[in-house]
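Since the structure comes first, as structure tokens, the remarks are kept for the end.
The values are calculated or read from the model by the stated rules, or taken from the named source; none is laboratory data. Note that this is a predicted model, so its numbers are computed, not measured. Glycine gets a Cβ as well: all are built from the backbone with ideal geometry, and neighbour counts include every protein chain shown. Just so you know, the surface numbers come from the protein's heavy atoms only, side chains and all, with ligands and any DNA or RNA stripped out. Shrake-Rupley method; radii C 1.70, N 1.55, O 1.52, S 1.80 Å.
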Amino acid sequence: MAGTTTTTASPFDALARSWERSLRAAGRSPLTVGSYLESLRIFEQWRAEHDIAGDIDTIDRAQVEEFIVWLLDHRSAATARVRFASLKQFFKWALREGEIDLDPMAAMPPPAQPTREVPVIGADDLARLLDSLAGTDFDARRDCAIVWVLLSTGLRAGELIGMTAGSVDLDAGTITVIGKGDRERTVGIG
């Protein structure tokens with residue numbers, strides 16, 4: 001038909017849908033599933049831009065290494081590690097499913113990531129922050145409690161947001177939260 005555009009499906013389209021179903025059935029978080037699929041899409045896009053054709057069974061270690069080198073040249077080391085880990089999971093799954101005979105990443109080490117020092121709030125800045133929370137109204141008390149819980153427990157913001165009144169045991173001095181991977185953990189509060 002005139003005016004109709006057809007798009008050619010990627011060799012990975014059906015595999016990506018199947019892998020997504022498998023990840024969701026395994027209870028992976030929507031963010032993890034999205035990140036994995038985004039990595040696969042970026043890898044397939046990179047292959048297309050570099051005129052690398054072929055189905056999944058034509059991918060070898062050298063091709064994946066070239067992709068990782070490209071990522072390291074164009075993105076951060078952390079991004080390269082995320083894409084590496086995602087593709088590693090994809091190829092492990094493809095091997096289990098019989099889509100490939102050999103995992104091209106089987107013995108491939110992840111790209112190195114330089115260690116960065118995490119900035120720590122200085123004593124003066126912390127004192128100013130706590131001073132700014134002075135007050136007796138609801139908002140001031142809530143904000144002060146949030147800051148003290150974060151300071152004394154090391155909770156992630158998502159764990160704090162997911163707390164309920166039942167999460168806190170004042171007698172025991174603990175908070176029970178649901179963390180990464182839907183794992184429950186209990187932390188002491190001071």
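Laid out as a table, the results:
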read-out: Tally of residues being open to solvent by 70 Å² or more (accessible area, probe 1.4 Å) and either among the aromatic types (Phe, Trp, Tyr) or touching a residue at least 40 places away in the same chain (Cβ under 8 Å) (or both) across the stretch 83-105; value: 3
read-out: Any hit, the stretch 21-43, residues being open to solvent by less than 40 Å² (accessible area, probe 1.4 Å), in contact (Cβ under 8 Å) with a residue 12 or more places away in the chain and either in a loop (DSSP other than H, G, I, E, B) or in contact with a Pro (Cβ under 9 Å, 6 or more places away or on another chain) (or both); value: no
read-out: Any hit, the stretch 49-57, residues being of a type in the set (D, E, K, R) and under 19 Å from ASP103 (Cα atoms); value: yes
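Matching residues to (1) in contact with a helix residue (DSSP H, G or I) (Cβ under 7 Å, 6 or more places away or on another chain); (2) part of a helix (DSSP H, G or I); (3) at pLDDT below 90; (4) over 25 Å from SER29 (Cβ atoms):
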site	(1), (2), (3), (4)
ALA145	no, yes, yes, yes
TRP148	no, yes, yes, yes
LEU160	yes, yes, no, no
MET163	no, no, yes, no
VAL187	yes, no, no, no
